[in-house]
1. Checking the conditions here, which among Leu233, Leu192, Leu208, Leu140 is out of contact with any Lys or Arg (no Cβ under 7 Å at 6 or more places or on another chain) and modelled with pLDDT of 80 or more?
2. Among the residues that make up the stretch 199-208, is at least one of them in contact with a helix residue (DSSP H, G or I) (Cβ under 6 Å, 6 or more places away or on another chain) and assigned by TED's automatic domain parsing to the domain that holds Glu242?
3. Somewhere in the stretch 229-246, is a residue surrounded by 15 or more Cβ atoms within 10 Å (Cβ to Cβ) and in a helix (DSSP H, G or I)?
4. Looking at the stretch 75-85 only, could you name the residues that are at pLDDT 85 or above and either more than 14 Å from Ala45 (Cβ to Cβ) or under 16 Å from the mean Cα position of the chain (by Cα) (or both)?
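The values are calculated or read from the model by the stated rules, or taken from the named source; none is laboratory data. Values in this document were obtained by computation on a predicted structure and should not be read as measured data. Here the Cβ positions follow ideal geometry from the backbone for every residue, glycine too, while neighbour counts run over all protein chains shown.
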Amino acid sequence: MSDLQDIRAILADDEPFMRAALRERLLQLWPELQIARECEDGISALQAIQTLKPQLAFLDIRMPGLNGLQVAQALQGSATRVVFVTAFDAYAVEAFEAQAQDYVLKPVELPRLARTVARLRQSLAEQAAPQQLMQVLRSLQHAPVPALRAEAGDWLQVAVGSQVRLVHVDDVQFFESDSKYTRVVAEDCDGLIRLSLKELLERLDPRLFFQTHRSVVVNRRHVRGVHRRGDALELEIKGREERLKVSSQHHHLFRAQ
């Protein structure tokens with residue numbers, strides 16, 4: 001396992017205030033992380049990464065000189081893991097094609113960054129090389145129906161108003177179908193994807209996701225409790241006032257063992 005006490009990172013953002021805020025939040029969540037250098041443009045960021053060889057690079061996308069995507073593309077085959085921290089969600093697909101480990105929108109919220117840190121720590125501990133991950137992702141692109149297994153690190157592109165948000169399947173609390181669209185609900189996201197519930201069920205990990213109603217699929221890790229109202233059952237989801245009804249044919253899932 002990798003020594004998580006000796007992890008170095010580069011921060012690159014042309015906005016000093018944003019860079020300082022990111023540094024403060026990162027060190028709050030990961031006190032032993034070493035910020036090896038802070039850069040104001042893409043050229044100096046690339047030079048710093050090539051010289052210092054940090055394990056992590058947190059890159060803004062729109063920067064002078066080279067943008068974050070160009071920096072990441074120049075690092076193909078490098079052991080440095082890249083996380084994009086940006087105010088622009090339009091670059092999500094390009095970001096993951098450039099081997100991004102994560103894609104965090106500004107202003108950076110502490111709970112969202114905490115999930116990024118947890119995934120990075122796990123990835124570093126397991127010594128999962130980014131280039132090996134990309135080989136797996138490329139092979140999945142040619143598969144007829146790629147599996148949406150939570151442990152595979154899959155992401156959903158979720159429409160939220162005029163925006164497109166990247167949501168990790170681990171973070172989805174529940175899916176709720178609405179004709180040809182499906183509502184995706186996570187702690188910090190409530191939007192739509194153009195997949196039916198039937199299509200999702202064929203691709204989700206049955207160990208984590210189960211159907212509780214003809215229109216609802218729930219992530220069991222986000223269930224806080226089950227409430228009985230007469231003959232009806234309702235699920236309480238962590239952090240949400242909304243209750244989800246359980247159809248009678250699925251009551252057996254919640255019988256005491």
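1. Numbers: Leu192 fails: out of contact with any Lys or Arg (no Cβ under 7 Å at 6 or more places or on another chain); Leu208 fails: out of contact with any Lys or Arg (no Cβ under 7 Å at 6 or more places or on another chain); Leu140 fails: modelled with pLDDT of 80 or more.
After applying the criteria, what remains is Leu233.
2. Yes, some residue in the stretch 199-208 is in contact with a helix residue (DSSP H, G or I) (Cβ under 6 Å, 6 or more places away or on another chain) and assigned by TED's automatic domain parsing to the domain that holds Glu242.
3. No: zero hits.
4. Initially, the stretch 75-85 is screened for residues at pLDDT 85 or above, giving 75, 79-85.
Hits for the stretch 75-85 are Ala79, Arg81, Val82, Val83, Phe84, Val85.
To keep it simple, each residue is scored yes or no on (1) within 17 Å of Val167 (Cβ to Cβ); (2) among the polar types (S, T, N, Q); (3) out of contact with any Leu (no Cβ under 9 Å at 6 or more places or on another chain); (4) without any contact (Cβ under 8 Å) to a residue 60 or more places away in the chain.
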residue	(1), (2), (3), (4)
Glu199	yes, no, yes, yes
Asp205	yes, no, no, yes
Val217	yes, no, no, yes
Arg220	no, no, no, yes
Gly225	no, no, no, yes
Ala232	no, no, yes, yes
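To keep it simple, each residue is scored yes or no on (1) exposed (fewer than 15 other Cβ atoms within 10 Å of the Cβ); (2) over 20 Å from Pro111 (Cβ atoms); (3) of a type outside the set (D, E, K, R).
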residue: Asp6; (1), (2), (3): yes, yes, no
residue: Ala12; (1), (2), (3): no, yes, yes
residue: Pro16; (1), (2), (3): yes, yes, yes
residue: Leu27; (1), (2), (3): yes, no, yes
residue: Leu33; (1), (2), (3): no, no, yes
residue: Cys39; (1), (2), (3): no, yes, yes
